[in-house]
Structures are given as C-alpha cells and as structure tokens.
Amino acid sequence: MARNGDHVISMEELLSKKVNVVITEAGETSRGRDNSGLRRRIIEIGEDACKLKKQRFEKLRKSKPDQPGITKPNGSQKATPKIQKVPLLLQDHKHFDKYFKPRIVAIGPIHHGEPKYKRAEVYKLRMASYFVKDSGRKDDILYDIVEKNIEQLRQCFDEKVTEKYSDQALAWMLFVDGCAILQSIHCAVSNNCKDWTMKYDLMAFTKQDLFLLENQLPYQLLVDLMNSSAKKAELEKCIPIFINQQAVYSKSQPCENGLPTTERPIHLLDLLRTKIMKGNRQSTNGPIKAGDKSKSTKVQNMIQSFLGLLSWKRLLWESDDRKKNGKRLKLTYRNVEELRVAGIYMNCNDSDDPLTTIRFNRLLGFYPGYLWLSPITVDDAMGPKFLNLIAYEMCPDFYNKFEITSYILFLDSLIDNIKDVMALRNKGILKNCLGSDKEVARLFNEIGTDLIPDPDAYGDVKDAIQRHYDATCMNWIAEAFHEHFRSPWAIMAFSAAIIVLSLTFIQTWFAFKEDRGNSRPRVRR
C-alpha cells in the first residue's frame, strides 16, 4: 500500500503522457541534491515519447540523398537554388553590413518593412507607376498576373523567408518590386528618365543593391512582367546590356542582344555570375570575326598561341605526373613581387576569354614565365558584387565548383601590398577606380578572408608556377637579369658588346682562313 504523501501513477497516466523516471544506480547516493557521483538516466515513457521518436526517424529518412530537391554531386539531379539569406559562414564577416546589406532600397521579402528603407518605397512606387504606364496595360491586370502565379513564385524563396507573408501581401510586394526593377534597368540603359529625377549617388547605390544575395527576385517574375508589356522587345535587350555594364571588365565589350546562357537564370545575381564566367562566348550574334579585332589584339593572341604551342608538352607531362602521384605541390610563392624576382611576369589577356581565365606559359618552354590575367575594374561596387557572388556559391542548395571564389582567392594570393597592385595596374590588368593602390590591396585582402576555394581550381597553373619558382637555374637567370639589366642602357651596352665580340670572332676566323690558304705549297704540273 502507498503511504501518505506518496503519488501513485496509474497505468492510464503512464500511457497518456511522458513520465520521467529517475533510476539511481548502485554505488550512488539516493539524495537528489548530492551531486557527487550521481548519474541520472531519464526514461521517456508514453505516447508522446513514441510520437517524438517517430518524428525523429521521419526527419532522418527525409534527409536521404535520393530524395527530391537534394543536389547530387554528379549532376544527375540538379536542385534549383532558392533565394535565401547569406550563409552562416559569412554572417560573422567583419564588414557584413557593408557588403551584404542594402544601402538604399530593400527588394523582396527579406528586408521588406525595415525602417531604414522606407524612404526608398516612394521611389519604387514611382518607378512601378511609370512601368505600368509604358506597358500599355492596366495596373490591376499586371497585378493579377503576379497573383495568379504566386504559389510558383513563393517556391523560388526559402520557406523561412516568406512564411510571415500572406499570398496577397507577397504578390503586391513582388509586383511593385518587379516593375520598379525593370523600369530602373530600362532607364539606366536608355538614359530616358526625364519624367522623374534621382541623385546620382542614389542611382549608384541602387544599382549596387540589385546584386545583393538577400535582395533578389525570381527571374521568372521579371519575364512575366516583360511579356505583358508593350515594350517587351526593348526590355529584353536592356537586361543583357545592363548586366554587361556590371560585369567588372576593364575592356570594352560588345553589347549582346541575348542572354549569355541558354538556360533561364534564377535571378539577376545568377545572370551576372554566368556573364562573368562565360564572357562573350555565348553571344547570340555569333563568334567575333578575326577582322573585328584590333591589330594589337591579333598580334597578342598569336604570341599567346605560339607560347602555348611551345610549352604544351611540358605542361601536359607535369599534369600527368601530378595525377599519377595524386599530390599537389606545396605553394611557397606569395605575391607578384616574388614571382617577378623569380622570372615570372604578369601579362594582360585582351582576348574574349571569361574573366576567370588564367593561363601560364614560358617562352620557348624555358625562360621567362608569363602569367596571363584578364583585365578587371576595381571600384566601390566590386567588393559587394564579388562577396555576394561568393555567398551565392556557398548556398547549400547550389551545386557549383566555386569558380568566383577560386578566382578571387587566386588574385588575393598575388596581391599583398602596394607594389603588387602597381605591377598589375601598369600591365593593364587592374583598372584602379578607388584612387589609391593601398585601398585596392586592402580590398582584396578583406574580401579574400576566411574563404575556401575549389582545391582543383587552377591546379595545373599553380603547379607550373611553383616548378618555375623552385627551379634553381631560373632563379639564377632572373637574378642576373635584375642585377645587370635593370635599364635599357644596360641591355644596349650588353648587346653592343656581344656584337663587337661576334664581329671580332668573325674577322679573326676569316684572317685565319686566309693565312692558311696562302701558306699552302704550290703543286707543280
């Protein structure tokens, strides 16, 4: 029988709810407050515990790799990345607000309603109004198109981003933001914004805000709005031109009438990434003809092809040797200055290759070495663009090879100080729009912190550079050039000495031949 004060647990109570049973093992004190050597085992009993166990296993089974929506590394099943917040690894970035948060305008649901961006709502409504006016459609008809596809558009976002918005609230937000974006892009390309005014600094920051990861809209939304406008053809031309202007190339590029990819982009940031990686190779106008290039470009391309033809066998052998060993060389070089001392020089690649193209070759397969890099513009917008492209590559539902991340880290490995920036700028590789070489070096060192590239990216180039850097004879030759041929006058003096010695040798040789001819005895007949 139970004593007074004891609580009797019935069988019904035991089965209807979770009960914690504390078992005191042998050798332990039975007093709950005595913590020395006391171990408790909590046993979950009842219907709630069974449900919790069942839910845990269901969650585990849903995480199987063969479930729909999981990206496979082999590319056989590709998931579409959703619009989401910056990955956790970058949320602790020292300058997070500077690079990842909007400066002027909030686009989409992530930053919508924040007090900082309420002033920009007036501009968005004004631009959306002009878009509706130019479209030749009524505003309610355009809104109905968005509201009709709201379920499909909601699936383009991460679930946590849109969970607090109803369908009507989300549809209105996407309608206004989509119209405003298309109108701003049209005005930026056509320079036809006389009906409304905006200060240049606001326009610059607004363009920067369009390429933030947390400020993206589904590209399908823009397509639906363009298809419903009377200026559909004009708007379709403006987008690739606008993306071409933002692609951080220093060289002038022909404007394309189509997108640089056959697949529909996910959002504008995805389109910018595709443009940077593919350059002008996917132009709908066809390949650039040889006659369209300048003479200097043709000569430089011929030199690159000649150097590559001479050294391809050596690089192929080095690549095969690396694959057989299964190991990469440990990189010991640090910046442009160290490579120059070792006889490796930077050259600007003016061909139509993508920005991320990097090549290395050696003259006659021996000396010197040349590292070819595409020109890039460094300005205030470069840091946010590239860090948001890197954040996009780091999204867990986006399978990629970290091309932009690897490219930025390669440049960061070359740039340590002002001298490195100056060397790249003098070669035309860096176009400095920041005003100070020190600021450029700081920018690359800042955005290249705590990033992990693809381990195989530029592997052959890095190995070839390291082999050249480690070769003792290359260092001797480079040291001789830097010590004795620092100026063109030294080279001219050395060339003159070689010519004089050569002429002296030739004169001596002919004099010797003539003396031997005169000293031969005459043959009597």
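Values quoted throughout were computed directly from the atomic coordinates according to the rules given, and no laboratory measurement underlies them. Being a predicted model, the structure only gives us computed values, none of them experimental. Glycine also receives a Cβ, built like all others from the backbone with ideal geometry; neighbour counts cover every protein chain displayed.
Round to the nearest 0.05 the FRET efficiency obtained for residue 126 and residue 155 when R0 = 35 Å and r is the Cβ-Cβ distance. Don't skip to the end; give the middle numbers.
Details: r = 30 Å, r/R0 = 0.86.
According to the calculation, E is roughly 0.70.
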TODO: Could you work out how far apart the two model spin labels at residue 278 and residue 330 are, taking each label as a point 7 Å from the Cα in the direction of the beta carbon, and quote it in nm?
DONE: 4.2
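What pairs in 124/278; 124/232; 51/148; 62/160 have C-alpha atoms more than 27 Å from each other?
On the way: 124/278 32 Å; 124/232 20 Å; 51/148 38 Å; 62/160 18 Å.
In this structure, 124/278; 51/148 exceed 27 Å between Cα atoms.
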TODO: Please list 368-376, 179-187, 344-352 highest first by mean number of surrounding beta-carbon atoms within 10 Å per residue.
DONE: 179-187, 368-376, 344-352
- [ ] May I ask you to sort 385, 278 by Cβ crowding, counting other Cβ atoms within 10 Å and putting the fewest first?
- [x] 278, 385
Open item on the list: With the crude spin-label approximation of a point 7 Å out along Cα→Cβ, what separation in nm comes out for residue 169 versus residue 59?
Closed with: 2.6
TODO: Give, as ranges by residue number, the residues of region 377-411 whose backbone N falls under 20 Å from the point 7 Å along Cα→Cβ of residue 357.
DONE: 377-378, 401-411
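Which of the residue pairs 94/385; 401/431; 85/438 have a Cα-Cα distance greater than 21 Å in the structure shown?
With Cα atoms farther than 21 Å apart: 401/431; 85/438.
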Task: Which of 211, 100 has the fewest Cβ neighbours within 10 Å, and the rest in rising order - done: 100, 211
TODO: With label points built 7 Å along Cα→Cβ from the Cα atoms of residue 231 and residue 497, find their separation and express it in nm.
DONE: 7.0
Open item on the list: Checking the a/c ratio against 1.5 first, then a/b against b/c, what shape does the Cα gyration tensor give for region 88-278?
Closed with: rounded
Open item on the list: Strictly over 22 Å apart at the Cα level, which of 98/275; 98/237; 207/275 would you flag in this model?
Closed with: 98/275; 98/237
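In what sequence do 83, 241 fall when counting other Cβ within 10 Å, fewest first?
Ordered from fewest to most neighbouring Cβ atoms within 10 Å, 83, 241 come out as 241, 83.
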